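Okay, structure first, notes after.
The values are calculated or read from the model by the stated rules, or taken from the named source; none is laboratory data. Note that this is a predicted model, so its numbers are computed, not measured. Note: ideal-geometry Cβ built from the backbone for every residue, glycine included; neighbour counts use all protein chains shown. Accessible surface areas use protein heavy atoms only, side chains included; no ligands, DNA or RNA. Shrake-Rupley method; radii C 1.70, N 1.55, O 1.52, S 1.80 Å.
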Amino acid sequence: MASDRVPVGIHDLTFRTTSLQLTHAELARHTGVPLAKYHQGIGQKAMSIPAPDEDVITMAAHAAAAVVGRHGADRIRTLVFATETSVDQAKAGGLYVHSLLGLPPHIRVVELKQACYGATAALQFATALVHRDPDQQVLVLASDIARYDLDSPGEPTQGAAAAALLVTARPALLEIDTPSGVFTHEVMDFWRPNYRSTALVDGRASIDAYLNALTGTFGDHQARGGAPLHRIRTICYHQPFTRMAHKAHHHLLQQAGLPTVPQDIAAALAPTTTYNEVLGNSYTASLYVALAALLDGPTPLDGETVGLFSYGSGSVAEFLTATVRPGYRDHVRTGAHRAAVTDRRPISYAAYRDLHSGTLPTDGGSHATAAATPGPYRLAGVRDHRRIYEATGPVDAGPATTGRCVAAPGEGGGG
Ligand code: CAA
């Protein structure tokens, strides 16, 4: 089919996070854990913490509004909301985003879950839809808040972020290559039963499962004729904590019989970890935050092949490559990304513990949340078991590439 030859991939990519952060220095002062364990051992310096009126919807709406403000919504036919920290068992989170942004009605909106792998499944589904009809665009939103029990080993690997990806034909940033390698293996390494707000995890088993899945996906990728390792310029790994990417790259090189010099591994991965080491784990958004960091970095990647390793506990994983489009730097959103990271307000350990323990009332009454976020969308409260969201200010869509527009909340914006 002619449409199979049209390059399809990521036309725009951006992320947003919460307005608060807890630094690992502040955490270490109270836990008594040596700071070096956080900074070097797991490779984390800070983690995003949601304010009472922030959640996966407000973060995703903020990221999506920037994309829609730049490109308009006229050609978006599908919105896939990938999350493993959903706010409703039935209703897709993307419907709240659809309403907050005033998107047109002729869009199919669904939610997708498979732990941290969900967004990659969404990207592949989106790619297939666009190959079927290259005039259509798909908005993929990946939004998660990683929460573990207080005082548990997972606690320092919490975090939050939402990534928005516009998938189109003839993309400006990256063309998604074929083939990809996939791997599924049922394992209880990390899970969250419906009645829990914090994840359960077998830490060591999860690291083994991740590495096992890397072997499985890369083997499948190679067996199907994927780009050989020497042709892949850099690999973005899913980063539950950034040292995990180092473990993964070491594992891949070792299996390929290549040298595993720690300094070389650190140098190869550094451009992919700059955001995640201060945001923390954002589950299914994490890989795409790593990709944003790579594209925002100083090294030109025009025409290069980059690898993406997506791992979702439980487990499903995929290794794919993408070709960076010439001129991609004219389309990246470095300023907005740096602002998202640096504008967060540091909070005390005591304030963090209060926020961690806070839950939305479930009595069906009317409850307002404290107005805290400076972001353009907020969770105003709950009433009759319904979440009430509101738009509070304009969203800057960022510098123009294919046309610029500052989208007023509730308006899709033109492109
Ligand atoms: N200075 C420097 N390094 C130090 C140190 C110090 N003072 N003290 C300890 N370290 C090092 C350790 O040697 C260790 O390094 P290695 O792994 O290279 O050996 C590292 O710090 C961590 O130390 P521990 O293993 O003792 O840490 P821990 O028991 O507290 O748990 C963890 C670590 C298992 C990752 C835990 O944080 C956890 O359970 N996290 C959540 C699960 C997770 O993220 N799993 C990743 C794979 S699953 C996935 O990817 C999906 C997902 O998003 C969840």
Selected residue (only one of R378, R353 is touching a residue at least 60 places away in the same chain (Cβ under 8 Å) and out of contact with any strand residue (DSSP E or B) (no Cβ under 8 Å at 6 or more places or on another chain)) = R353
key: Residue identified as without any contact (Cβ under 8 Å) to a residue 60 or more places away in the chain and in contact with a Leu (Cβ under 6 Å, 6 or more places away or on another chain) among I76, I107, I10, I49   = I107
remark   = Going through the stretch 345-380 in order, the residues found to be open to solvent by 30 Å² or more (accessible area, probe 1.4 Å), among the polar types (S, T, N, Q) and under 18 Å from M47 (Cα atoms) are S348, S357
note = Only one of A223, A205 is small (G, A, S) and within 16 Å of the ligand (Cβ to nearest atom), namely A205
query = Can T234 be described as closer than 29 Å to R147 by Cα and either among the hydroxyl-bearing types (S, T, Y) or away from the ligand (no atom under 16 Å from the Cβ) (or both)?
reply = no
note = Sole miss for P193 among (1) in contact with a helix residue (DSSP H, G or I) (Cβ under 7 Å, 6 or more places away or on another chain); (2) outside any strand (DSSP E or B); (3) more than 10 Å from the ligand (Cβ to nearest atom); (4) open to solvent by 20 Å² or more (accessible area, probe 1.4 Å) is condition (1)
In the stretch 159-173, residue farthest from the ligand (Cβ to nearest atom) [restricted to those that are out of contact with any Leu (no Cβ under 8 Å at 6 or more places or on another chain) and at negative phi] = A169
ask   = In the stretch 210-219, which residue that is closer than 16 Å to S315 by Cα and open to solvent by 10 Å² or more (accessible area, probe 1.4 Å) is nearest to the ligand (Cβ to nearest atom)?
value = L211
query = Any chance the stretch 162-180 includes a residue that's part of a loop (DSSP other than H, G, I, E, B), touching a helix residue (DSSP H, G or I) at 6+ places or on another chain (Cβ under 8 Å), closer than 19 Å to Y288 by Cβ and open to solvent by 10 Å² or more (accessible area, probe 1.4 Å)?
reply = yes
query = Restricting attention to the stretch 324-344, does a residue exist that is within 24 Å of V182 (Cα to Cα) and open to solvent by less than 40 Å² (accessible area, probe 1.4 Å)?
reply = yes
query = Has the stretch 257-272 got at least one residue that is of a type outside the set (S, T, Y), open to solvent by 20 Å² or more (accessible area, probe 1.4 Å) and within 14 Å of the ligand (Cβ to nearest atom)?
reply = yes
ask   = When you go through A270, A227, A245, A293 one by one, which is the residue that is among the small types (G, A, S) and over 20 Å from the mean Cα position of the chain (by Cα)?
value = A227
request  = Quick one: A28 ticks every box in (1) crowded, with 19+ Cβ neighbours inside 10 Å; (2) outside any strand (DSSP E or B); (3) within 16 Å of the ligand (Cβ to nearest atom) except a single one, so which number is it?
outcome  = (1)
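Yes/no matrix, rows are residues, columns are (1) farther than 22 Å from L141 by Cα; (2) assigned to a helix (DSSP H, G or I); (3) of a type outside the set (S, T, N, Q); (4) open to solvent by less than 40 Å² (accessible area, probe 1.4 Å):
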| position | (1), (2), (3), (4) |
| --- | --- |
| M244 | yes, yes, yes, yes |
| H249 | yes, yes, yes, yes |
| Q254 | yes, yes, no, no |
| V289 | no, yes, yes, yes |
| L308 | no, no, yes, yes |
| A317 | no, no, yes, yes |
inquiry  = Please verify whether A205 is of a type in the set (G, A, S) and surrounded by fewer than 18 Cβ atoms within 10 Å (Cβ to Cβ), treating the condition exactly as stated.
reply    = yes
remark   = Only one of L35, L103 is away from the ligand (no atom under 16 Å from the Cβ) and not acidic (D, E), namely L103
request  = Give the residue, chosen from A82, A65, A51, that is within 16 Å of the ligand (Cβ to nearest atom) and open to solvent by less than 10 Å² (accessible area, probe 1.4 Å).
outcome  = A82
inquiry  = Based on this model, can you work out whether L301 counts as in a strand (DSSP E or B) and either free of Cβ contacts under 8 Å to residues at least 60 places away in the same chain or more than 16 Å from the chain's Cα centre (by Cα) (or both)?
reply    = no
query = If we keep just the residues of the stretch 125-157 that are of a type in the set (S, T, Y) and within 16 Å of the ligand (Cβ to nearest atom), which is nearest to E54 (Cα to Cα)?
reply = S143
ask   = If you scan the stretch 93-120, which residues turn out to be open to solvent by less than 10 Å² (accessible area, probe 1.4 Å) and farther than 18 Å from A161 by Cα?
value = L101
